[in-house]
Amino acid sequence: MNREPVTALSHPGDATPPALASIEAVTAALAGVGYIASRQVATALYLAHHLRKPVLIEGPAGVGKTDLAVSAARCLGHALLRLQCYEGLDESRALYEWKYGKQLLYTQILKEKIGQLVDSADSLPSAFAKLAGFQDLFFSRDFLQPRPLLQAMEQPGGSVLLIDEVDKSEESFEALLLEVLADYQITIPEIGTIRAQVPPLVILTSNNSRELGDAIKRRCLHLHIGFPEPDFEHSVLRARVPGIAEQLRLQLVAFVQSLRQQNIRKPPSIAETLDWARTLLLLHAQALDETLVHDTLNVLLKRESDIQQVRPQLAKLTQQALAAAVVAPMLAITPA
């Protein structure tokens, strides 16, 4: 049986930016703005554009979920529209709201004119008919205040829509997202349906504080970003903190990697690793020692209970990191 070839979905105004032409192009474009992407991350962005599907990124806080959207907007040259989710978020903050102050002002300005129209009407139905035109005017596009979701639909050159920490919103808010995520359009009862001129690249992030509904998950590509492996963490540090010495970088990564193995509530993520690297650079550190680690441990760990639990082991963890940093270059040398 003959089968039709499978092609990427198309929309009016579709055009593939060079940065999204291939998985390798995505990786290179993100690296150009300082974001080191794994093959899995680059593949997700490539598919998101060509399949016109949002990407739902899950994982612990600080691993680069939000930064991916920011970096994607930068390398594509697109506007970044960010919707920060929180409990109680509704359509007036996410989709649109009416400019009630402007409507009231126009009502006062037109009050005399409206009075003249009503006075000239010879019947009540005639008066209502004449007022209907003003009612339609007040609920027109001129009185509409777009919020991030609608703003993303109206970007003529395309955009990156970041729906950040969607798990912090209530389940009812997910229903508002379904039309946007499935069809890249928003329906406003008083105006009609507004379709995206160029479908945005949509990225949702979640820290897994609650389970998202199946309906929203079905409409998205799934991507999980976890804590980085040592080699990947080295690559990120080279790109984001280029001034740090190689030996100190090896020690730093070894220490952070061992710290994540401890029984603590909030292990340090790549964001904390970068902050610590910048801290050590600011302090002109040449190598790790127990005193330095003790004084800067609050950069890595954000909970006092975790700090108190780790402090008795600092000497051991520091020595292990120093030893690992000596071994690592030796392992990288291959026999001739």
Using the beta-carbon distance between residue 21 and residue 304 and R0 = 41 Å, what value does 1/(1 + (r/R0)^6) give for FRET efficiency, to the nearest 0.05?
-> 0.25
If we count every other residue with Cβ under 9 angstrom of residue 91's Cβ, Lys/Arg +1 and Asp/Glu -1, where does the sum land?
-> 0
Taking N as the residue count of region 25-104, its alpha carbon Rg divided by 2.2 N^0.38 Å gives 1.40
Contour minus Cα-Cα distance for residue 179 and residue 229 (0.36 nm per residue) | 14.3 nm
Ranked from highest to lowest mean number of other Cβ atoms within 10 Å per residue, what is the order of the peptides 146-156, 262-272?
-> 146-156, 262-272
For residue 277, what charge total do you get from the other residues with a beta carbon under 9 Å from its beta carbon, if Lys and Arg give +1 and Asp and Glu give -1?
-> +2
About its Cα centre, how strong a charge dipole does region 246-300 have in debye, to the nearest 20, once Lys and Arg get +1 and Asp and Glu get -1 at the Cβ?
-> 260 debye
Between residue 92 and residue 51, 0.36 nm times their residue separation minus their Cα-Cα distance comes to what?
-> 11.8 nm
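Only the coordinates and a few stated rules stand behind these numbers; no lab work does. Please read all numbers here as calculations on a predicted model, not as lab measurements. Note that we place each Cβ from the backbone using ideal geometry, even for glycine, and neighbour counts take in every protein chain shown.
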